[in-house]
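Working notes, structure below.
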Amino acid sequence: MALFILILLLLAAMAGVLGAVLKATLVIVLSLVLTVVLLAWIGAWYAKRRMRAFQRDFQIRVDQSRRRGEAYDIGHQQPPGPPAGQLGNGR
């Protein structure tokens, strides 16, 4: 592969268009690098955004579960049973 590129560069140099070939190659390579960097930056930003939304939703669910556990629910309590017994004879 490197030999093929070297031959192409030598042919371009002999034809007198080496400068144009190098400029076009530089534009293509820099465009690809910029595209990869931009896509990586957008991907990282989106992943961070989704992670923060997940953490926020998770914290809301944890808080709701904790509040439900601490709340008094009068409607679902069992009715009190009979007295356990007398402590004295009432005199």
**Request:** Provide the gained length on full extension for the span residue 23 to residue 57, in nm with one decimal, where the gain is 0.36 nm per separating residue minus the Cα-Cα distance.
**Result:** 7.2 nm
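Quote to one decimal, in nm, the extra length available between residue 11 and residue 42 on full extension: 0.36 nm per residue of separation minus the C-alpha distance between them. Don't skip to the answer; put the middle values down first.
Values: separation 31, 0.36 × 31 = 11.16 nm, distance 4.03 nm.
Contour length minus the Cα-Cα distance gives 7.1 nm.
Where a number appears in this text, it was derived from the coordinates with a stated rule and is not lab data. Just so you know, these numbers come straight off a predicted model, no measurement behind them.
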